[in-house]
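**Q** So that we are looking at the same thing, I have put the structure below in structure tokens.
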Amino acid sequence: MDNFKNLYYLSQADGLGSVRIKKLLDIFGEPQNILKASRNELSSIEGISKNTADTIVSLKNEMVRLDKEFAFLEKKMERLCIGAVTCLDKDYPDLLKKIYDPPVILYFKGNMKDFSFDGLLDNSIGIVGTRTPSEYGKRSTEYFASELSSMGITIISGFARGIDTIAHKAVLKKNEGKTAAVFGCGVDVIYPPENKKVYERIIEDGLVVSEFDVSAKPDSMNFPRRNRIISGLSLGVIIIESGIEGGALITARCALDQSREVFAVPGDINSKYSKGTNNLIKTGQAKLVENPEDILVELRSKLKNLKLMKPDEKESLKSRSAELKGNEKLIFDTLSGVNDPMHIDELSETTGLNISDCLVILLNLEFKGYIRQLPGKRFNIV
């Protein structure tokens, strides 16, 4: 708790970001030693200006105020079921600790009963992309997120509109899948607000994490900064649809800087939302991927305890899918990509088909012996 408190105090100092705090920790060992250091001791360190040293020293005169702030923060975190882990704690995510500028404090909110904080995040792949995806982008995101999570891989994304939200939702549909959302605001602030239900599901079955203070409002400057955490928590990042200046490309650059794998799903050469991803492939910055197996080729040695479908089961699904065409194939592939039966409303929303058309197609598939209907208008493959 002392580390958390003292790092919180340091984080309130203007001009003292995670890189400088990490540098000071490397020299002084503990945050309390930084707070006790003199102006001359601090300013003698490369990268610490006299102004920055003065700011740190002045914190000693702010201790009464800071103590009150921290006591209020502790009570608020307890009330909202928010936790925090520092870069000095053994539970801090190992992958994130290895990047150049890891957050000194990582706040989190979610389900901590069934897994350790580090355990959830040491087998992770990020999925990011445009906020305005095409139907192709939506289907690609659902496919990769669903398939990878069914293998026991945690899907990391940024909770933004579009690809990010679709990735989170695809994992949550599987019930057993795990996902973590990296926020550009406080972990208790739902942004975008229309994602309230997604947020509630994530904190029930996964995690929301952020380096920003509790209740911090979303700010346009925050989102590029949080992208390094998305890639930092991931063994690799998949970019699905991004313009040439898209925010997802910031995540790709962060991943490359962190020596993480970058994957890109190829897109329509005439679509502005594929210019970024196609350019990553063309310039050799990303590996072209068409299916999860392409990702496993690169990351299998780093991923742990994968739950892979037996070859005969996978071949059976593929051969049955190949026998179908059009919307019958679309519905069969959708149902075969999830673990649990799907309700007709959910199936309609996922496929983009209206409920009447879905029911007709489902009846045909049932007659052919491909699927079965369960009570409550739920369906699964046979």
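The values are calculated or read from the model by the stated rules, or taken from the named source; none is laboratory data. Note that the structure is predicted; figures quoted are calculated from it, not measured. All Cβ positions, glycine included, derive from the backbone under ideal geometry; neighbour counts span all protein chains shown.
**Q** Checking A181 against (1) closer than 25 Å to L7 by Cα; (2) touching a Pro at 6+ places or on another chain (Cβ under 9 Å): exactly one of these is not met. Which one?
**A** The one condition A181 does not meet is (2).
**Q** So for region 54-69 (the condition being closer than 30 Å to G206 by Cβ, under 27 Å from the mean Cα position of the chain (by Cα) and modelled with pLDDT of 95 or more), does at least one residue qualify?
**A** No: region 54-69 contains no residue that is closer than 30 Å to G206 by Cβ, under 27 Å from the mean Cα position of the chain (by Cα) and modelled with pLDDT of 95 or more.
**Q** In region 349-382, how many are assigned to a helix (DSSP H, G or I) and over 26 Å from I166 (Cα atoms)?
**A** Just the residues of region 349-382 that are assigned to a helix (DSSP H, G or I), to begin with: 349-351, 355-367.
Right, trim to over 26 Å from I166 (Cα atoms) and you get 360, 363-367.
Here the count works out to 6.
**Q** I would also like to ask the following. Tell me which of these S316 doesn't satisfy, since it passes every other one: (1) in contact with a helix residue (DSSP H, G or I) (Cβ under 8 Å, 6 or more places away or on another chain); (2) at pLDDT below 85; (3) more than 22 Å from E176 (Cα to Cα); (4) surrounded by fewer than 16 Cβ atoms within 10 Å (Cβ to Cβ).
**A** Among (1) in contact with a helix residue (DSSP H, G or I) (Cβ under 8 Å, 6 or more places away or on another chain); (2) at pLDDT below 85; (3) more than 22 Å from E176 (Cα to Cα); (4) surrounded by fewer than 16 Cβ atoms within 10 Å (Cβ to Cβ), the lone unmet condition for S316 is (1).
**Q** Quick one: which residue in L66, L35, L80, L24 is out of contact with any Lys or Arg (no Cβ under 6 Å at 6 or more places or on another chain) and in contact (Cβ under 8 Å) with a residue 60 or more places away in the chain?
**A** From the options L66, L35, L80, L24, the qualifying one is L80.
**Q** Surrounded by 14 or more Cβ atoms within 10 Å (Cβ to Cβ), in contact with a Leu (Cβ under 8 Å, 6 or more places away or on another chain) and not hydroxyl-bearing (S, T, Y): does that describe I82?
**A** no
**Q** For I166, indicate whether it is touching a residue at least 12 places away in the same chain (Cβ under 8 Å), touching a helix residue (DSSP H, G or I) at 6+ places or on another chain (Cβ under 8 Å) and outside any strand (DSSP E or B).
**A** So I166 fits the description; yes.
**Q** Same structure, new question: Among the residues in region 39-52, are any touching a strand residue (DSSP E or B) at 6+ places or on another chain (Cβ under 7 Å), assigned to a helix (DSSP H, G or I), modelled with pLDDT under 95 and outside the structural domain of D213 (by TED's automatic domain parsing)?
**A** No, because not a single residue in region 39-52 is touching a strand residue (DSSP E or B) at 6+ places or on another chain (Cβ under 7 Å), assigned to a helix (DSSP H, G or I), modelled with pLDDT under 95 and outside the structural domain of D213 (by TED's automatic domain parsing).
**Q** What's the number of the condition G158 fails, among (1) of a type in the set (G, A, S); (2) surrounded by fewer than 21 Cβ atoms within 10 Å (Cβ to Cβ); (3) at pLDDT 95 or above?
**A** Of (1) of a type in the set (G, A, S); (2) surrounded by fewer than 21 Cβ atoms within 10 Å (Cβ to Cβ); (3) at pLDDT 95 or above, only one is false for G158: (2).
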